[in-house]
Each structure stands twice: as C-alpha cells, then as structure tokens.
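Asks: My questions all concern the structure below.
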Amino acid sequence: MKKTVLVSGGAGFIGSHVTVELTQAGYDVVIADNFSNCDETNYKGVCAILGRELPLIKMDFCDKAAVDALFAKYPIDAVIHFAAFKAVGESVAEPLKYYRNNLLSFINILDAAREKGGCNVLFSSSATVYGQTDQLPVTEESPRQPAESPYGNTKTMCEDILRDSVKAYPGVRGIALRYFNPIGAHPSALIGELPRGVPNNLVPFITQTAIGRRECLSVFGNDYPTPDGTCLRDFIDIVDLAKAHVCAVTRMCENKMKQEYEIFNVGTGKPLSVLELITAFEKVNGVKLNWKYAPRRPGDITAIWADPTRAEKELGWKAQRSTEETLAAAWAWEKKLAGK
Ligand code: UD1
C-alpha cells in the first residue's frame, strides 16, 4: 500500500525538494502551503520534474479547523512540518509573530495526529539549537544552548513539544532532523531557493551578486579564530538533505524506530569557511564575484559542523554530492531565474 505524506510548507525551498524525492521514492504527497513566503514557482517546478500534478491545498496551519479538515480528507501516514517563518533578524523584531506562527501551526498538527489516534511526525529542526560550542563536530548528544533569537527558540521549543507529545499520546511518533546549512538547487534547475527581498543567507546572496542583482557581497567578519578568519559552516546539498527525509519517513512508516522520538543531524561532517565557499563558487562556475570584508554580523557563531554518524548508521543516509556540484546547481538555478 502506498503511504501518504503531508508536507506542510511544501511549496517552499526545502519542502519542494523533499516532495520530489518522496514522490520518486513511491510516496503519495499532499502539499499544503499558505504561500506567505513563496509563490507557485516551486510547486510548478515540482510538477514539471514529476510530470504530473500533485494535490495542493492553500491553507494556514494556524487554522485548526483547516488542519483537522485536511486530516479528515486524506489518509495521512506521516507529516513533515516545514511551514514556519525563518528570518532570524525579523524574529528579533517581531517575536510574537514567530512564536504564534511557528508554535501554533505545529501544535495544530500534533493535535490532529493525537485525535487521529497516532501519526508519524517529522519536524524540520536546525543546528541553531546547538549554539556555539567548543566541542566540534556536534553530535545529537551535544547539549543544546539557549537560542540567540526567537526563531532559534521556536526550533528548540518545537523539538520539546514533539518529544513530550510522543511521550503522552499513543501512536504519535516523531523524528527531528537538525539541518546544518542547506544550499544548492535541484539539478533540473526547475526548483530552488527564492528569497524575498534581500537574501539573508550566504549562497542566495552569492548567486544574486554573480548575476548582477546585488552589487557586492559582504563577508561578515575576517577576524574569527578560524584558519582564514571567516566563519566555518557545514553546507549540505538540498537534494542530499531531501533524501534524508525519505529515509526518516520510511523509518517511521516501516516501524524501524528504536525510540518513539529520535533526533538526527543532517550535515556533511565537513566544515567549509565562507571564503572557501566563495572561492569554490568562482572556480566551478568560472565567474568572478565582487565581494568585500565587512564587520561581523551580530548573532553569528564562529564555527559549527555535524557529526553525521548517527544518520549514516541508523537512517542509512550520507551526503553524496560534492560542494562543486551543489554550487553549480545553485548557479544554474539563478541563471534560469534570470532567463540566462
Ligand atoms: C542561518 C541562521 C540559522 C538558520 C539557517 C538556515 C543566523 C544567525 N542563523 O544560519 O538559524 O537555520 O540560516 O539556513 O542567521 N554570510 C556572509 N555574508 C552574507 C551572508 C552570510 O558573510 O551576505 C556568512 C555568515 O556570517 C555566516 C555564513 O555566511 O558565517 C552563513 O550564513 P547564513 O547563510 O546566513 O547561515 P547561518 O547564519 O549559518
């Protein structure tokens, strides 16, 4: 029997890539999105890659009646929850907007899972829960640290809400995937990242600078205690990251979990500096990037990368794509958007 997976925020950057991988792995996917932070570009791209339309429900997960109606309509075996606000700076300026949206949407999903008598729930968490630690790489047992921002705090809080719900409600099972820095685009160049306004994240800023939409990339800080003075991150390819979701959903649906609530790091295990990433982008794509050093960005941590051993052992998942492939895909997507 085919299993049905509900993907909240399925029209977004990560959700659209996960939808493609799940469908190609044989799952029926129902996409639900309120389009508050994206348009239909990625949804259309998903349909083009798959060669067919997928069910798309325009709805807000903060609307409990709408969530209940969705669960009544479809035989949902698993939910992946992406529908959340994600701008760190905005979350500092408007914390209530973040707490209301990111917590309430998840609570409504868990409530529907509880009322249904059980469901598999995958939460999209973040390495942001680790904060800055001296013990690198981080394992899933590394202590979480107080979040730097309300956005980060909603990730930590949702992990706890999932953990406690799993404990209390029979049949509700959960996995939290802690993403490091997802970058890149689908090799088809039909789906990718579509930041609204000025990008906050590094790779969209790089590609927009390379294409000429931004004048100059600022590298935030060159005085960090790292080999070249710039921050170290674990950049994970978006298609690799999407595949980790297929492994996690399958583990839940096939009753292979060792505990009712599990956590996995999703990263490459290899740190790369901001400068190394820029150099790799220029080299693989044969472009010269206009960039300059700028002061540190408040709230940035010096270095973080994953120990991905648990995901490899338990999920059978490992990052496959090279940084070069990933950066070539990011550039192909930006050129496609620009019509070049
Ligand atoms: C950020 C969020 C994190 C979130 C993740 C999603 C913060 C503090 N953290 O991670 O919670 O889960 O995005 O992908 O924002 N950089 C530049 N110039 C730029 C943009 C970035 O030098 O124009 C540098 C940053 O200083 C950082 C690195 O690039 O060292 C990566 O930045 P970014 O892509 O924003 O990701 P994170 O900050 O690691």
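Asks: Mind ranking 98-105, 288-295, 69-76 by how tightly packed they are, going by the mean number of other C-beta atoms within 10 angstrom, highest first?
Replies: 98-105, 69-76, 288-295
Asks: Please state the relative contact order of the chain as a whole percent: Cα pairs under 8 Å, 6+ residues apart?
Replies: It comes to 19 percent, rounded to a whole number.
Asks: Beyond 19 Å, what share of the Cα-Cα pairs of region 124-193 remains, rounded to the nearest whole percent?
Replies: Percent of Cα pairs beyond 19 Å in region 124-193: 48.
Asks: A follow-up question, please. Out of the DSSP beta bridges found with both residues in the chain, what percent are antiparallel (nearest 5)?
Replies: The antiparallel proportion sits near 5 percent.
Asks: In addition: Calculate the translational D of region 1-90 in whole µm² s⁻¹ from Stokes-Einstein, where the hydrodynamic radius comes from the Kirkwood formula applied to all Cα pairs, the temperature is 37 °C and the viscosity 0.692 mPa s.
Replies: The estimated diffusion coefficient comes to 248 µm²/s.
Asks: Show me the ranking of peptides 88-97, 203-212, 178-187 by mean Cβ neighbours inside 10 Å, starting with the highest.
Replies: 178-187, 203-212, 88-97
Asks: If you don't mind, another one. Quick check: net charge around E94, other residues with Cβ under 14 Å of its Cβ, Lys/Arg +1 and Asp/Glu -1?
Replies: Values: positive: K86, K97, R100; negative: E90.
Neighbour charge sum, excluding E94 itself: +2.
Asks: Let me ask something else. Is there a quick way to get the dipole size of region 127-266? I mean about its Cα centre, with the Cβ of Lys and Arg at +1 and of Asp and Glu at -1; what is the value in debye to the nearest 20?
Replies: 460 debye
Asks: FRET efficiency for T41 and A72, Cβ-Cβ distance as r, R0 = 25 Å, nearest 0.05?
Replies: 0.25
Asks: After finding the eigenvalues of the alpha carbon gyration tensor for region 73-171, what semi-axes result from the square roots of 5 times each, listed largest first in whole Å?
Replies: Values: eigenvalues 131, 62, 21 Å².
Taking √(5λ) for each eigenvalue gives 26, 18, 10 Å, largest first.
Asks: Given only helices, namely DSSP H runs of n ≥ 4 each adding -39500 (n - 2.57), what is the per-residue ellipticity at 222 nm of the chain, to the nearest 500 deg cm²/dmol?
Replies: Mean residue ellipticity, 222 nm, calculated: -12000 deg cm²/dmol.
Asks: Quick one: if the Förster radius is 35 Å, what FRET efficiency do R213 and A168 give, using the C-beta to C-beta distance and rounding to 0.05?
Replies: Working from the Cβ atoms, E equals 0.15.
Asks: Let me ask another. Quick one: dipole size for the chain, taken about the Cα centre, charges +1 on Lys/Arg Cβ and -1 on Asp/Glu Cβ, in debye to the nearest 20.
Replies: Roughly 460 debye for the chain.
Asks: Hey, if you put +1 on the Cβ of every Lys and Arg and -1 on every Asp and Glu Cβ in region 1-105, which of N101, F82, V29 ends up farthest toward the positive end of that dipole?
Replies: Of the candidates, V29 comes out farthest on the positive side.
Asks: From the Cα gyration tensor of region 26-79, with a ≥ b ≥ c the square roots of its eigenvalues, which class applies: rounded if a/c is under 1.5, or else prolate if a/b is larger than b/c, or else oblate? Provide the component values of the computation, followed by the final result.
Replies: Details: a/c = 2.86, a/b = 1.29, b/c = 2.21.
Here region 26-79 falls in the oblate category.
Asks: Any chance you could tell me what percent of the C-alpha pair distances in the chain go past 29 Å?
Replies: 35 percent
Asks: Pick out, in residue order, every one of the GluC sites (Glu not before Pro) in region 1-79 that is DSSP loop and has at most 12 other C-beta atoms within 10 Å; say none if there are none.
Replies: On the way: sites: E21, E40, E53; in loops: E40, E53.
Within region 1-79, the qualifying GluC sites (Glu not before Pro) (loop, at most 12 other Cβ atoms within 10 Å) are E53.
Asks: Which of the three applies to region 280-332, rounded, prolate or oblate, going by the alpha-carbon gyration tensor with a ≥ b ≥ c and a/c under 1.5 meaning rounded?
Replies: Oblate.
Asks: Further, regarding this structure: Once you list every other residue whose beta carbon is under 12 Å from the beta carbon of E325, what net charge do they have if Lys and Arg are +1 and Asp and Glu are -1?
Replies: In short, -2.
Asks: Once the other residues with Cβ under 14 Å from the Cβ of P199 are scored (Lys, Arg +1; Asp, Glu -1), what is the net sum?
Replies: Result for the local shell: +1.
Asks: About the Cα centre of region 55-138, how large is the charge dipole given +1 on each Lys and Arg Cβ and -1 on each Asp and Glu Cβ? Please answer in debye to the nearest 20.
Replies: 160 debye
Asks: What shape does region 168-279 have by the C-alpha gyration tensor, where a ≥ b ≥ c are the square roots of the eigenvalues, rounded means a/c under 1.5, and otherwise prolate means a/b greater than b/c and oblate the rest?
Replies: Prolate, because a/c is 1.5 or more and a/b exceeds b/c.
Where a number appears in this text, it was derived from the coordinates with a stated rule and is not lab data. Just so it is clear, the structure is predicted and the values come from calculations on it, not from any experiment. Glycine gets a Cβ as well: all are built from the backbone with ideal geometry, and neighbour counts include every protein chain shown.
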